[in-house]
Structure formats: structure tokens, C-alpha cells
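Notes for the one structure printed next.
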Amino acid sequence: MTWCWRRLIVSTQQDLWIERLQGGGLDRASWVLTERPDRSRAALAVYPKTRSVAVSLAKKYGGQVRLVKLNEWLKPNNAKPIVMGRRLRIVHETAPGKHDPALPQLHIPHGVAFGSGEHATTLMLLRALTRHEAWRETTVLDLGTGSGILALTARLFGARRIVATDIDPEAVRTARQNEALNFPGPLIGWRCSDVKKLRATSRQYDLVVANLFSGILCDAASSIAGCVSRGGQLWLSGVLRSQQAEVVVAYRRQKMKLVRVVSRGKWMMIQLAKK
Ligand SMILES: C[S@@+](CC[C@H](N)C(=O)[O-])C[C@H]1O[C@@H](n2cnc3c(N)ncnc32)[C@H](O)[C@@H]1O
């Protein structure tokens with residue numbers, strides 16, 4: 001079980017809300033922002049561990065508090081699938097219907113962990129993953145895995161070895177369940193850990209993906225960059241346009257070379273390579 005605080009917000013104010021939550025020390029809680037096409041309001045849901053945090057959010061900002069049962073993620077959901085041409089399809093409902101075996105597909109139910117694929121920060125990474133080649137030679141580290149969506153996509157495409165981490169045990173649990181939902185057996189190494197506490201280990205990866213707040217990306221730049229193998233790539237998302245320069249400077253200091261920046265609205269994805 002976990003708690004949920006939810007309210008509607010004006011879509012154009014989402015950055016303000018994210019900053020508010022970060023400022024309020026809620027960067028450890030999972031949050032989900034659901035934008036609805038043609039609607040001026042988006043639904044913001046935060047999943048703190050305790051009722052008292054959810055209640056204090058409601059006192060401060062209005063909105064509703066409710067208890068979420070962990071099996072809620074199994075409930076049917078009618079959200080539209082995410083389709084990236086013939087390269088990837090992500091469905092959310094419990095009974096996804098007929099599946100074209102020639103079209104790579106993942107089933108990621110909407111749940112307590114961030115990462116159903118709709119958010120711009122996830123979409124940019126997903127798109128980049130669908131364009132990556134040579135998966136059989138690629139080892140992957142997914143930092144801040146949420147629902148596991150990026151790690152699972154890497155598995156779907158045949159990555160050689162995958163490790164995925166999240167600070168939130170509920171996210172790790174959900175991600176593991178999502179692996180079981182999509183594949184016959186476990187393969188991904190799921191870890192519950194804080195990127196800020198990553199040790200400079202000897203283990204390095206060909207591709208490191210991290211969809212995290214820019215403050216965390218900057219604070220942990222040295223250890224995150226340390227996980228990338230020589231000639232490997234680092235793809236960072238969760239960065240607002242106004243934060244891009246600061247993030248690039250932090251990683252250039254770690255001898256990472258800027259390869260490409262992709263934007264979607266106010267969100268940026270930064271692709272870097274290790275010299
Ligand atoms: C924006 S979500 C990204 C989820 C998914 N990877 C995606 O791209 O949709 C960020 C995730 O990072 C996790 N997170 C936040 N701070 C973290 C930290 N310091 N260390 C590890 N994970 C963290 C959150 O629990 C959340 O699941």
C-alpha cells in the first residue's frame with residue numbers, strides 16, 4: 001500500500017509544481033503528471049510513503065488524498081497505446097488484445113511508479129532507444145528506472161546485460177513485476193539505491209540512461225559519468241531548457257563530450273559520449 005495525493009493543475013504551470021515538490025523535499029517520492037491532449041489541466045499525483053505527507057500536501061495545496069493498493073496497477077486502464085511507427089508499441093490496459101508479433105510491444109500498466117511512457121522526458125529516451133543499433137553488444141544501466149520502462153525496452157531490443165536502479169523500493173518492485181508481465185523469466189538486475197550514493201565501481205556500461213531531476217544529475221555527475229565505459233554513451237532526461245547549460249557544464253567537467261540535444265516542449269534530453 002502507498003498513499004496518493006492528487007490534484008488538477010494548469011498544464012502550463014507544471015514546472016512550477018515540480019520545483020515546489022522538489023523544494024518541499026519530495027524528490028524521493030514518485031510522482032506522475034498526466035497531460036491530456038486538448039485539455040488545459042493536467043493531473044498531478046504524488047505517492048509519498050506516509051499518510052501524513054499526503055495530508056500535509058492536501059492542507060497546503062488542496063486536492064485529494066487516498067490510499068492506493070499495490071495491486072491497483074493491475075486494474076484495466078483505457079489509456080491509448082504509445083506507438084512509435086513499427087519500432088515500438090507500449091500498451092497500458094490489462095488485456096491488450098491482439099498483438100502483431102512483428103511489432104515489438106511492452107505492457108506497462110499505469111501504476112504507482114513513474115514511467116508509463118507518456119511524459120516527454122520518457123518519450124525522448126524511448127525514441128532514442130528505438131533508434132539504437134548493435135543491441136547484442138550493448139550493456140545498459142538505467143538510473144531512476146521508475147516502472148522499468150527504459151530497462152524493459154532495452155531488454156525487448158536484446159541488450160546484452162541490463163541493470164536498473166531506483167531510490168524508491170515500490171518503484172523497484174513495480175519494475176520487477178513489469179518484467180514478469182512482459183518476459184518469461186528475469187534477466188534485468190533491479191537494485192534499490194540512490195544515484196547520489198553510487199560508488200565509482202569498476203563496473204561500467206555501454207549505455208547509461210537517467211531520467212532524473214537536473215539537481216540530482218548535477219550533484220551525482222561524477223559518479224554517473226563514472227558508470228559509462230570508454231566510448232560509451234550517457235543519455236540524460238528530466239532536464240528543463242533553463243537547466244541545460246548547467247547540466248552540460250557538469251558533465252563536460254567529467255570529460256564527457258556533448259553529442260546531441262533533443263527537445264520536446266520545455267524538456268531536453270542530452271546525449272553525451274565518453275572520450
Ligand atoms: C522521472 S522518473 C523516471 C522513470 C522512468 N525511468 C522514465 O523514464 O519514465 C524518476 C525516477 O527516479 C527515481 N529517483 C528519484 N531520485 C532518485 C535518486 N536519488 N536515486 C535513484 N532514483 C531516484 C524516482 O523514484 C523515479 O522513479
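Details
- Among HIS92, HIS132, sorting on how many other beta-carbon atoms sit within 10 Å of each Cβ, with the fewest leading, yields HIS132, HIS92.
- Computed from backbone phi with θ = phi - 60° and the Karplus coefficients 6.51, -1.76 and 1.60, the 3J(HN,Hα) list for region 220-235 is 9, 3, 5, 6, 5, 4, x, 7, 8, 6, 4, x, x, 10, 10, 10 Hz; x is used for glycine and proline.
- In the chain, a dipole from Cβ-located charges (positive for Lys and Arg, negative for Asp and Glu) runs towards its positive end, and of LEU16, GLY117, GLY226 it is GLY226 whose Cα lies farthest in that direction.
- Charge context of LYS274, other residues only, Cβ under 11 angstrom, K/R +1, D/E -1: +3
- Net dipole in debye of the chain [+1 Lys, Arg Cβ; -1 Asp, Glu Cβ; about Cα centre; nearest 20]: 300 debye
- Exceeding the 32 Å Cα-Cα cut-off - candidates LYS59/LYS266; LYS49/LYS196; LYS60/LYS257; LYS80/LYS257; LYS197/LYS257; LYS80/LYS274: LYS60/LYS257; LYS80/LYS257; LYS80/LYS274
- Volume per residue of the C-alpha convex hull in the chain, rounded to whole Å³: 126 Å³
- Based on C-alpha pairs under 8 angstrom that are at least 6 apart in sequence, the chain has a relative contact order of 13 percent.
- Applying the criteria of a DSSP loop state and at most 15 other Cβ atoms within 10 Å to the trypsin sites (Lys or Arg not before Pro) of region 223-259 yields ARG253, LYS255.
- Between region 233-264 and region 182-200, the alpha-carbon centres lie 23 Å apart.
- Volume per residue for region 115-274 equals 99 cubic angstrom (convex hull of Cα atoms).
Since every read-out is calculated from the coordinates, none of them should be taken as a lab result. Everything quoted here is computed from the prediction, not taken from an experiment. FYI the Cβ positions are ideal-geometry reconstructions off the backbone, even for glycines, and counts take in every protein chain you see.
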